[in-house]
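Undergrad: My questions will all concern the structure given below.
The values are calculated or read from the model by the stated rules, or taken from the named source; none is laboratory data. Owing to the predicted nature of the structure, the values given are computational and were not obtained by experimental measurement. Heads up, the Cβs are rebuilt from the backbone with ideal geometry, glycines too, and the neighbour counts pull from every protein chain shown.
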Amino acid sequence: MAVEIEAKIKVDSLEPFRVKLAELGAKLAGEFLETNAIFDTEDHSLQAADKGLRVRSAKTSTGEQCTVTYKGPRRPGALKTRDETEISVGDFKKAVELLEVLSFKQVLSFEKKRQTWHYDTCKVELDELPGNLGLYVEIEGGSEQAIHKVQQALGLGHRQLIKTSYVGMVMSHLQDKGHGVRVMKFG
């Protein structure tokens, strides 16, 4: 099983980081509009165990990439670290249907705008969430050292890290607003 290690930092604007990444020679991998469908068991045992099950559609101007991802519980440490297993699938709706047939229940759906860059040995994601939840720089890499190196190069070494997942942020936001519907989209 792969291990996901990441640092997430809330920022006021993504533009300075686009400029900095280009100056550093980072490679733009793509711009995506993601739809994330989050699943759990009827008794919410995945959430209770700090685990996650997601189907994601990442649309670009040229097509769509779909994945099903399992995330294990967070490990202790300075950065957000957890086991992750991800597979590519050909059809978002069919993947959702399969999980529902297997008695998983969709508990949340939310969109995210994402620009992905590759720099050094890390992936840098420039993310925007709907509903005024904010803008984030997420750095994912194979080690804490690699992530800290990129964090420093981007001028983010002094910034506070956000350990809350996007799922947690969106669920809290919807709950605080009193929304019974668990869907958050742009526009």
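Undergrad: Does G77 qualify as being in a loop (DSSP other than H, G, I, E, B), at positive phi and in contact (Cβ under 8 Å) with a residue 24 or more places away in the chain?
TA: Yes; evaluated as a whole, the condition is true for this residue.
Undergrad: What is the residue count in the stretch 1-46 for residues that are more than 26 Å from Y70 (Cβ to Cβ), hydrophobic (A, V, I, L, M, F, W, C) and part of a helix (DSSP H, G or I)?
TA: 5
Undergrad: Scan the stretch 81-91 residue by residue and report those that are closer than 21 Å to A37 by Cβ and part of a strand (DSSP E or B).
TA: Restricting attention to the stretch 81-91, the residues satisfying the condition of being closer than 21 Å to A37 by Cβ are 82-91.
Of everything in the stretch 81-91, those that are closer than 21 Å to A37 by Cβ and part of a strand (DSSP E or B) turn out to be R82, D83, E84, T85, E86, I87, S88, V89.
Undergrad: Failed condition for A22, given (1) more than 23 Å from L133 (Cα to Cα); (2) surrounded by 14 or more Cβ atoms within 10 Å (Cβ to Cβ); (3) in contact with a Leu (Cβ under 9 Å, 6 or more places away or on another chain), with all others met?
TA: Exception for A22: condition (2).
Undergrad: Shifting gears a bit: Confirm whether K105 is modelled with pLDDT under 95, under 25 Å from R182 (Cα atoms) and not small (G, A, S).
TA: no
Undergrad: May I pose another question? Restricting the search to the stretch 136-187, which residues are part of a strand (DSSP E or B) and more than 20 Å from E4 (Cα to Cα)?
TA: Selection gives V183, M184.
Undergrad: Test E31 against the criterion of being surrounded by 13 or more Cβ atoms within 10 Å (Cβ to Cβ) and either in contact with a Gly (Cβ under 6 Å, 6 or more places away or on another chain) or in contact (Cβ under 8 Å) with a residue 24 or more places away in the chain (or both), and give yes or no.
TA: So E31 fits the description; yes.
Undergrad: Something else now. Could you identify the single residue in S88, S143 that is closer than 20 Å to R54 by Cβ, under 19 Å from the mean Cα position of the chain (by Cα) and surrounded by fewer than 16 Cβ atoms within 10 Å (Cβ to Cβ)?
TA: S88
Undergrad: For the stretch 139-158, enumerate the residues that are of a type outside the set (G, A, S), modelled with pLDDT of 95 or more and more than 13 Å from L79 (Cα to Cα).
TA: K149, V150, Q152, L154, L156, listed by residue number.
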